[in-house]
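Student: The structure that follows is given in the form of structure tokens.
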Amino acid sequence: MKRFFFLLLTTGALALTMMPAARAQNHGEIGIFGDYFRLGETRGPSLSGTGATAFGGVGARLSINATKRFQIEAEMNYDFAESFTEGFTSPSGTVTSFSTSSLRILHGMIGPKIQTGGGALRAFLTVKGGGNDFMFSTAPVNFSTFTSSVSGLRSSSVNGVLYPGGGLEAYLGPIGLRLDVGDEIYFEGGAHNNLRITFGPNIRF
């Protein structure tokens, strides 16, 4: 979390130094953000109950105007490593031991954004597609059958993503703030819903 806040403050300061270079025209926006990503369904089929793992990270996005109310937007962000417990099972299916593993996630998406206009305060809706790369640290495997508590992600680390979301933007001149909330759905043996919230500064250009 210390790295997260340091990077957010540093990138925010860089954005403010770019303010004099920003023009009055509104061809699009470039922004950086901090994100909260709640990864749901983090229990394997051999473990009882359900759970979720919360991640924090940083990212950047670029929005290009097609019209005043329609943009094409691309973004990428990285969620820092989060530790969680995994269960190892014997061939009979009995849970025999637990181990701690780390997971980090790289997100990449692109898609349309529809907004209320180019004024100082506006609302927007977006639907993006892309993929997530789930990256694990090395965890020891002691038995012939292994069940990760993030079911299926070890065998297929890159998964397709659909993100419907929306939010608000507020501007004072070329500098603004954006809040984005949505459901980042990844596909691995079906659709898995995950809450995603981002917040950070934007610059119009």
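The values are calculated or read from the model by the stated rules, or taken from the named source; none is laboratory data. What you are looking at is a predicted structure, and each value in this text was computed from that prediction instead of being measured. A quick note on method: Cβ atoms are made from the backbone with ideal geometry, for glycine too, and the neighbour counts reach across all protein chains shown.
Student: What pairs can you find where one residue is in the stretch 23-52 and at positive phi, the other is at pLDDT 90 or above and in a strand (DSSP E or B), and their Cβ atoms are less than 8 Å apart, with a gap of 6+ or different chains?
Tutor: Going by the 8 Å Cβ cut-off, the qualifying pairs are GLY28/LEU62; GLY28/SER63; GLY28/ILE64; GLY28/ASN65; GLY28/GLN71; GLY28/ARG204; GLU41/HIS192.
Student: Mind checking which residues of the stretch 108-157 are charged (D, E, K, R) and modelled with pLDDT of 95 or more?
Tutor: Listed by number, the residues that qualify are LYS113, LYS128.
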